[in-house]
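Participant: I'd like to ask you about the structure that follows.
Every number here is computed from the coordinates shown, using simple stated rules; none is lab data. None of the values given here were measured: they were computed from a predicted structure. Heads up, the Cβs are rebuilt from the backbone with ideal geometry, glycines too, and the neighbour counts pull from every protein chain shown.
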Amino acid sequence: MPLDTMPPAVTHALILAAGRGERMRPLTDNCPKPLLDVRGKPLIIWQLEKLARAGIKHVVINTAWLEDQFPARLGDGRAWGLSIRYSHEGAQFGGALETAGGMATALPLLGIDRQTPFWLMAGDVFMPDFVLPAADAARFRDSGALAHIYLVPNPEHNPRGDFGLSPEGLAMDRASAQFTYSTVGLYRPALLDGLAIGQKAALAPLLRQAMQLGRVHASLYSGAWTDVGTPERLAALNQTPVPRQPAN
């Protein structure tokens, strides 16, 4: 089968969109941060289009703050050739469950077993030129790793970075050169073993534990990347030209 007609190695994805967006106030007082417009369309739609181009079919979006706005704006995903389901943490648990807790709670909606990989993306990060690498997805699927994360050069607001990167492509808890976690990665549900549905839990401690076992791979991405965390960063993005879309 020709490479360009091969089915994607990963067909499921989870988008994190449950945060309150305190630093974005007052913009987020009446609109969830992922639904704020960036260069002409809601930020989360950039993620949905990216997933659709990569052959993803099944997407779960976790929500909490003003969560009814997401299905009202995005529907069931058919506009992008996707099937979207929603993990409404606000309605079910009274608020956001942090990253790992939100992932563990949303996983049953993805309908995959503990070893089946899925893409993870944040609904409030802008990476216009990033294309989900099919080769990385295939390698991860066939590996014993629990995660493959994408790191970026440290922005001004995170000068110390989050994780290191070994010459062999392993993520490291500490290294002489630290990079920032982009919020994009490939994951196996097995990373979240032991977390209960509805339990609040952070992701970084789980990643660090897996790094100690050599089970987190990483790549460095040097393209455009913005954590849209303040009104000033949003305004700066909207003052620049719309980037050229990656080819299908």
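Participant: Assuming a ≥ b ≥ c are the square roots of the Cα gyration tensor eigenvalues, decide whether the range 10-238 counts as rounded (a/c under 1.5), prolate (otherwise, with a/b larger than b/c) or oblate.
Facilitator: Working: a/c = 1.43, a/b = 1.20, b/c = 1.20.
Rounded, because the longest to shortest axis ratio a/c is under 1.5.
Participant: A further question on this structure: With point charges of +1 on the Cβ of Lys and Arg and -1 on the Cβ of Asp and Glu, referenced to the Cα centre of the range 162-248, which listed residue (W225, Q199, G169) lies farthest in the positive direction of the dipole?
Facilitator: Value computed over the given set: Q199.
Participant: Next up: Multiply the residue separation of E156 and N30 by 0.36 nm, subtract the distance between their alpha-carbon atoms, and state the gained length in nm to one decimal.
Facilitator: Numbers: separation 126, 0.36 × 126 = 45.36 nm, distance 2.81 nm.
Between E156 and N30, full extension yields an extra 42.6 nm.
Participant: How many lysine pairs are close in the chain, with Cα atoms under 22 Å apart and the two 8 or more places apart or on different chains?
Facilitator: Details: K33/K41; K33/K50; K33/K200; K41/K50; K41/K57.
Count of close lysine pairs: 5.
Participant: Would you work out which of T183, A134, A104 lies farthest towards the positive end of the dipole of the chain? Charges go on Cβ: Lys and Arg +1, Asp and Glu -1.
Facilitator: A134
Participant: Mind putting a number on the dipole of the range 1-84 about its Cα centre? Charges go on the C-beta only, +1 for Lys and Arg and -1 for Asp and Glu, and I need it in Debye to the nearest 20. Each step should come with its number before you reach the end.
Facilitator: Values: 11 positive and 8 negative charges, 37 e Å.
In debye, rounded to 20, the range 1-84 gives about 180.
Participant: If R0 is 35 Å, what FRET efficiency do you get for E232 and A72 from their C-beta distance, rounded to 0.05?
Facilitator: Working: r = 28 Å, r/R0 = 0.80.
Efficiency at R0 = 35 Å is approximately 0.80.
Participant: Can you give the helix-only mean residue ellipticity at 222 nm for the chain, where every DSSP H stretch with n ≥ 4 adds -39500 (n - 2.57) and the sum goes over all residues, rounded to the nearest 500 deg cm²/dmol? Before the final figure, lay out each step's value.
Facilitator: Details: 7 runs with 60 residues, N = 248.
The per-residue figure over the chain is -6500 deg cm²/dmol.
Participant: E49 label point, 7 Å along Cα→Cβ, cut-off 19 Å on backbone N: hits in the range 114-130?
Facilitator: 121-130
Participant: Dipole magnitude of the range 99-248 about its Cα centre, charges +1 at Lys/Arg Cβ and -1 at Asp/Glu Cβ only, in debye to the nearest 20?
Facilitator: On the way: 11 positive and 12 negative charges, 46 e Å.
Computed charge dipole of the range 99-248: roughly 220 debye.
Participant: For D113 and A204, what is the calculated FRET efficiency with R₀ set at 25 Å and r taken between the beta-carbons, to the nearest 0.05?
Facilitator: The computed FRET efficiency comes out at 0.50.
Participant: Separate question: For the range 131-144, what does the Karplus curve 6.51 cos²θ - 1.76 cosθ + 1.60, with θ = phi - 60°, yield as ³J(HN,Hα) per residue in whole Hz, taken in order and with x for Gly and Pro?
Facilitator: In residue order, the calculated couplings are 10, 4, x, 5, 5, 4, 4, 5, 5, 5, 4, 8, 9, x Hz.
Participant: Return the FRET efficiency for the residue pair T240, S176: r is the Cβ-Cβ distance, R0 is 25 Å, and the value is rounded to the nearest 0.05.
Facilitator: On the way: r = 33 Å, r/R0 = 1.33.
So, using R0 = 25 Å, E works out to roughly 0.15.
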